Amino acid sequence: MKKAVMYGAGNIGRGFIGKVFSDSGYEVCFLDIDKQVLAAFNKEHAYRVHIVSDGQSHYETVKNVYAVDAGDERAAEEIAGCDIMATAVGVNVLPHIAATMAKGIALRMSRGGGALDVILAENQIDADKLMREMIYKKLDGETRSWADKNLGLVEASIGRMVPPLTPEEKAADPLLIAVEPYAELPVDALGFKNGIPPLLGLKPFTPFSFYVKRKLFLHNMGHALCAYFGYQSGYAYISDAIRDARIKKTVAAAMQCTVLALGKEYLAVPQEEITANKDDLLYRFKNRALRDTISRVAGDPVRKLRKNDRLVGAALYAMEWDIDPGSIIKGITAALFYDNKDDPGAVKIQQLLAERGIDAVLTDVMGLSPKEPLARLIREGYGKAI
């Protein structure tokens, strides 16, 4: 049986990529540091995935799995001997796994191993370049030359949403994971060294920047707008906010800005396909079984209001293609009124607004010049809403 290594046994590792590997006929080795999860994997050699939706929900069992402590020397051995690999650890953790990956790659080369493709399920723009830079710092010149030819670092766009489990569910089964039915896995077709692998749900595509922008400026932007408008209206869950006709209308209009921009930039992708993705997202946001909270999706507004992130980035993208970002501006304005006292980012923005005004947020948080066109639009929108 072919072997896959899944670095990270969290929501996406267990709930998506690890399951894809198993369903596609691979034995799956999970690398992680959570002792409880490691012990459970090596006792059961299987785990359950709860597919949840407003309609029928069901359980599926993922088999032929085991786990190795990521801090153990065996982790490098697993990387050296596997057929394919993926990471799903979070961008902030990538620097901490680079050394282990480098050891495994060096070991693989020394044993005459073949090329290795690593799917980066990190939802980070240029994750392949970032990961290669971190790994190469740990390699000697000979191994770097080998990796240039044999290490495929493959960007992926992760759209599957994973709802939180209750403490009772976690206590009863530490490996249980719940996911929505959506299971499409877009990847950069040009990133592979071993050719496109036969993985269920895989969607190779080039130029992959299309999927990067679709995820950030369509999915993430629409999701965030649901949260900020929902907070203003007193909702606790995304599924309730998007069922509010007024909120849905504005969110859909904002998402349509991105649909039009994507259609103008990527002429090879049918406009109907991009529109269908928007409509599918609006439907998926309604899934009450996800238990997706406003506070989770709205959280960390400082990051989400950065120039290249889902809100300001989406507005700039629309303007780049001569599309009026008015509906997105309404969402940015709503984010500026997100005053959750339990969210440090929200507190910071409210302090900036109170002490130094909107221009301070435009420059210090959004990275905009107060005189540029988008800054003027945001200032006007905020001024009307005060």
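Residue-by-condition table, conditions (1) among the aromatic types (Phe, Trp, Tyr); (2) within 16 Å of LEU290 (Cα to Cα):
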{"residue": "LYS193", "(1), (2)": "no, no"}
{"residue": "PHE217", "(1), (2)": "yes, no"}
{"residue": "SER233", "(1), (2)": "no, no"}
{"residue": "TYR237", "(1), (2)": "yes, yes"}
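Can you name every residue in segment 42-60 that is within 14 Å of VAL179 (Cβ to Cβ) and in contact (Cβ under 8 Å) with a residue 12 or more places away in the chain? Matches in segment 42-60: TYR47, ARG48, VAL49, HIS50, ILE51, VAL52, SER53, SER57, GLU60. Put simply, of LEU267, LEU216 the only residue that is closer than 26 Å to ASP364 by Cβ and either without any contact (Cβ under 8 Å) to a residue 12 or more places away in the chain or not assigned by TED's automatic domain parsing to the domain that holds SER53 (or both) is LEU216.
Is segment 374-386 home to any residue that is free of Cβ contacts under 8 Å to residues at least 12 places away in the same chain, outside any helix (DSSP H, G or I) and of a type in the set (A, V, I, L, M)? Yes, the conditions are met somewhere in segment 374-386.
Scanning segment 49-80 for residues that are among the acidic types (Asp, Glu), over 30 Å from MET101 (Cα atoms) and in contact with a strand residue (DSSP E or B) (Cβ under 8 Å, 6 or more places away or on another chain) yields a single hit, GLU60. Cβ-Cβ distances below 6 Å connect no pair with a first residue in segment 87-109 that is without any contact (Cβ under 8 Å) to a residue 24 or more places away in the chain, a second residue that is surrounded by fewer than 17 Cβ atoms within 10 Å (Cβ to Cβ) and of a type in the set (S, T, N, Q), and a separation of six or more residues or different chains.
Within segment 39-49, none of the residues are within 19 Å of ARG108 (Cα to Cα) and β-branched (Val, Ile, Thr).
Residues in segment 359-373 that are within 18 Å of GLY326 (Cα to Cα) and part of a helix (DSSP H, G or I): 2 in all.
Listed by first and then second residue, the pairs linking a residue in segment 338-356 that is in contact (Cβ under 8 Å) with a residue 40 or more places away in the chain to a residue that is of a type in the set (S, T, N, Q), with Cβ atoms under 6 Å apart and 6 or more places separating them unless they lie on different chains, are ALA346/ASN340. Only one entry of ASP359, ASP300 meets the criterion of being without any contact (Cβ under 8 Å) to a residue 24 or more places away in the chain and not hydroxyl-bearing (Ser, Thr, Tyr), and that entry is ASP359.
Every condition in (1) under 29 Å from the mean Cα position of the chain (by Cα); (2) surrounded by fewer than 19 Cβ atoms within 10 Å (Cβ to Cβ); (3) not acidic (Asp, Glu) holds for LYS384 except the one numbered (1).
Condition test on PHE16, is it at pLDDT 95 or above, in a helix (DSSP H, G or I) and more than 16 Å from the chain's Cα centre (by Cα)? So PHE16 fails the test. Give the residues of segment 160-194 that are of a type in the set (Asp, Glu) and farther than 18 Å from ASN277 by Cα, sorted by residue number. GLU168, GLU169, ASP173, ASP188, listed by residue number. Out of the residues in segment 288-323 that are polar (S, T, N, Q) and at pLDDT 95 or above, state the one that is surrounded by the most Cβ atoms within 10 Å (Cβ to Cβ). Filtering segment 288-323 for residues that are polar (S, T, N, Q) and at pLDDT 95 or above, the one surrounded by the most Cβ atoms within 10 Å (Cβ to Cβ) comes out as THR293.
Note on segment 293-336: residues that are basic (Lys, Arg) and not in a helix (DSSP H, G or I) amount to 3. Condition check for LEU260 on (1) among the aliphatic types (A, V, I, L, M); (2) crowded, with 20+ Cβ neighbours inside 10 Å; (3) closer than 17 Å to GLY326 by Cβ: one failure, at (2).
The values are calculated or read from the model by the stated rules, or taken from the named source; none is laboratory data. Quick caveat, the model's predicted, so the values are computed rather than measured. Note: ideal-geometry Cβ built from the backbone for every residue, glycine included; neighbour counts use all protein chains shown.
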